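Just below is one structure, and these are the notes that go with it.
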There are 2 protein chains.
Amino acid sequence: MELSEAYPMTGGDGLHSYAKNSDFQRKAIDVAKQLISKAIAQGLDVGDFNSTKSLGIADLGCSVGPNTFTAVDNIIEAVKSKYESQIPEFHVFFNDHVSNDFNLLFTSLPQDKQYYAAGVPGSFYDHVFPDASLHIVHSSSSLHWLSGVPKEVTNNNSPAFNKGRITYANSGDEVIRAFKAQNRKDMDRFLHARALEVVPGGLVILVFPYNPDGTHPSRIPINMSFGLIGSALMDLAGKGIVGEDKVDSFNMPVYVMHRHEVEAAVERNGCFSVVSMEILPKVRENFSSNDSVVDEIVGRARSATEGIIKPHFGEDILDELFDVFRKKLAEDFVPSAKTVDQEHLFLALKRKP
Amino acid sequence: MELSEAYPMTGGDGLHSYAKNSDFQRKAIDVAKQLISKAIAQGLDVGDFNSTKSLGIADLGCSVGPNTFTAVDNIIEAVKSKYESQIPEFHVFFNDHVSNDFNLLFTSLPQDKQYYAAGVPGSFYDHVFPDASLHIVHSSSSLHWLSGVPKEVTNNNSPAFNKGRITYANSGDEVIRAFKAQNRKDMDRFLHARALEVVPGGLVILVFPYNPDGTHPSRIPINMSFGLIGSALMDLAGKGIVGEDKVDSFNMPVYVMHRHEVEAAVERNGCFSVVSMEILPKVRENFSSNDSVVDEIVGRARSATEGIIKPHFGEDILDELFDVFRKKLAEDFVPSAKTVDQEHLFLALKRKP
């Protein structure tokens, strides 16, 4: 079993916490609600329930924050509509890396929750539940995080050495190939683990950023953000605040899939049929290029990346780094981008018998 | 549903943490090992396992520390001996109050664990798992903690007002009756919840301090410790460091059962048969009255009570309080006591069909 690295969202509920900066992710969950409801109504096929069988739901990469509970509530509402006459008990497992702030998650659990809750530490690229123990798996805004950075991109003897950049998106073909290969391996691990854990007829519901065909990876919002953080890090290196080799040895473990890559992974795995695969309606059609948008993107990017930047570069650079990032965003990104909101793919898979 | 108050053991891994001061509790688990093994070999009767059914184990009141994992390992070893040919997957649920340090628990999970782990926040006096979802429930050194202090003992208009004391053990009959009644209610809640959660043929294995017949509650080690903490608090009140009314309104939510009270609770509940009920072999037969014993008792008492004393009296008094406690122990308790080690009862119950 390969070990997966951990990239926690910023814990606690402070200014830069994920809990306070996950509004966008919540919107993605809201627009997915109808699709989740439809997938459960039409796709879930796990037989009847009785008093000795509860329905197991896992939220993978749950992080900490109100979003987690919203997604689970949406799922439970959909199941209740489907099994009107015989509503099962719900056992909900909140999964994330061991470094996630589970203490905060547990104290935030809604008082009136309609389920038994448990926290499950561990990477979702591993097998984290017993065989056939889950009926519905959900994961939102998590699957673009790789299990780790492909080794060759931080090796200065490799043709895939990603010098001076922290994302594959604006790099050469060798770097892109290395990230693609890592994603392919990770998707195989992810689907293999879920195929074991989910009962026949059970669902795997995934919402994740995607890369539309015909759009270069460097032109999608999430990668543009990472590109600007990388550029801000190089500015800091230019001023001698961080070593250039520190930047060279750092990469965001993120890859944003094309639709055909998702389809190929499901095909290779072979244990799931596709119930639904749709581009999520855009959270916002338009945006106005103003300070509040910049604030929002900075908050979102910082809460999602601090946990991986800090151990590599130290805490001291964070404020300056995100100040430079903010300036670049305001000058460069927001005025030129058609949208600041990353598009997401909705995918519902059913475990074959 | 009544809410249960939370009395966490001291978290983290510092000097006064439960993780660093639970050596005695570990010894209780070690001496229980043989009894657990026998109870599982002879009592567990949950049918065969196959690849679609895992064995659910819950450790209730797990706290944080190496003990938790030891107890679970003992249980798994016993199950593996029993089901030699067809070893199931294990799903282990670590339960404690929501204020328990689950982050530390998760980072402490053994690398080579043979089970899928989950954390479950909530009082074990409530229903915290779905119906019929567990095969073995274990709880060690936890059941003497009540769900709360009976209200009348902190009401100065009640005949059960426990003025100037923090335990029932050295108080009048009214106070003792109030704690007895609370324990009776709590035991009914505990067994009722477990009767729902445990499958027919499944086991509930409990290790807890008990009060031998013929021994006054004030003469058993655990209550003697609490009595001396109460006396130390009154000394602090005498010096004006804490208000006397603060001491009057504080009680340890602990009751140590007699054997017949345990038997009566099982009888009232009616859903369990007794597989085994034994007095645990003593951890130590003798002890020498020296500083290391005093240190050990102070460490153990502080890690177990700080979490409940601090919110009521504030953090500032803790060092002085436990200094006074230490002096009283050395002068009063250790020289006069026959043993400093609390005796424990081992109880294995089987869920009736």
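The values are calculated or read from the model by the stated rules, or taken from the named source; none is laboratory data. Just so you know, these numbers come straight off a predicted model, no measurement behind them. We place every Cβ from the backbone using ideal geometry, glycine too, and count neighbours over all the protein chains shown. To get the accessible areas, we keep the full protein, side chains included, count just its heavy atoms, and leave off ligands, DNA and RNA. Shrake-Rupley method; radii C 1.70, N 1.55, O 1.52, S 1.80 Å.
Of note:
- Region B:115-129 - residue that is touching a Gly at 6+ places or on another chain (Cβ under 9 Å) and within 12 Å of another protein chain (Cβ to nearest Cβ) and, of those, most open to solvent (accessible area, probe 1.4 Å): B:116
- Residue selected from region B:265-320 under the condition part of a helix (DSSP H, G or I) and closer than 30 Å to residue B:198 by Cα, by the criterion modelled with the lowest pLDDT: B:304
- Qualifying residues in region A:163-173 (those that are over 20 Å from the mean Cα position of the chain (by Cα) and either open to solvent by 60 Å² or more (accessible area, probe 1.4 Å) or within 13 Å of residue A:223 (Cβ to Cβ) (or both)) - the one modelled with the lowest pLDDT: A:170
Listed here are the residues, each with its yes/no results for (1) at positive phi; (2) open to solvent by less than 10 Å² (accessible area, probe 1.4 Å).
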residue	(1), (2)
A:89	no, no
A:102	no, yes
A:107	no, no
A:113	no, no
A:136	no, yes
A:141	yes, no
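- Options A:167, A:154: the member that is of a type in the set (Ser, Thr, Tyr) and either in contact with a Ser or Thr (Cβ under 6 Å, 6 or more places away or on another chain) or within 14 Å of chain B (Cβ to nearest Cβ) (or both): A:154
- Extreme residue, farthest from residue B:298 (Cα to Cα), among residues of region B:208-223 that are open to solvent by less than 20 Å² (accessible area, probe 1.4 Å) and among the hydrophobic types (A, V, I, L, M, F, W, C): B:208
- Near pairs, Cβ below 8 angstrom, 6+ apart or cross-chain, from region B:228-241 (at positive phi) to any residue that is of a type outside the set (Val, Ile, Thr) and open to solvent by less than 40 Å² (accessible area, probe 1.4 Å): none
Yes/no matrix, rows are residues, columns are (1) in contact (Cβ under 8 Å) with a residue 60 or more places away in the chain; (2) in a strand (DSSP E or B); (3) more than 17 Å from residue A:54 (Cβ to Cβ):
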site: A:78; (1), (2), (3): no, no, no
site: A:107; (1), (2), (3): no, no, yes
site: A:131; (1), (2), (3): yes, no, no
site: A:137; (1), (2), (3): yes, yes, no
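- Condition check for residue A:147 on (1) open to solvent by less than 40 Å² (accessible area, probe 1.4 Å); (2) more than 14 Å from chain B (Cβ to nearest Cβ); (3) without any contact (Cβ under 8 Å) to a residue 40 or more places away in the chain: one failure, at (3).
- Qualifying residue in region A:42-55 (condition: in contact with a Leu (Cβ under 6 Å, 6 or more places away or on another chain), in a helix (DSSP H, G or I) and touching a residue at least 24 places away in the same chain (Cβ under 8 Å)): yes
- In summary, residue B:96 fulfils each of the numbered conditions (1) surrounded by fewer than 23 Cβ atoms within 10 Å (Cβ to Cβ); (2) of a type in the set (D, E, K, R); (3) in contact with a helix residue (DSSP H, G or I) (Cβ under 9 Å, 6 or more places away or on another chain) with the single exception of condition (1).
- Criterion: over 18 Å from the mean Cα position of the chain (by Cα) and either within 14 Å of chain B (Cβ to nearest Cβ) or outside any helix (DSSP H, G or I) (or both) - qualifying residue of A:176, A:241: A:241
- Residue-level check: of (1) closer than 22 Å to residue B:101 by Cβ; (2) acidic (Asp, Glu); (3) without any contact (Cβ under 8 Å) to a residue 12 or more places away in the chain, residue B:267 misses just (1).
- Members of region A:80-105 that are more than 7 Å from chain B (Cβ to nearest Cβ) and either within 18 Å of residue A:60 (Cβ to Cβ) or touching a residue at least 40 places away in the same chain (Cβ under 8 Å) (or both): A:81, A:82, A:90, A:92, A:94, A:95, A:96, A:97, A:99, A:100, A:104, A:105
- When B:183, B:211 are checked against the criterion of being touching a residue at least 60 places away in the same chain (Cβ under 8 Å) and closer than 30 Å to residue B:271 by Cα, B:183 stands alone in meeting it.
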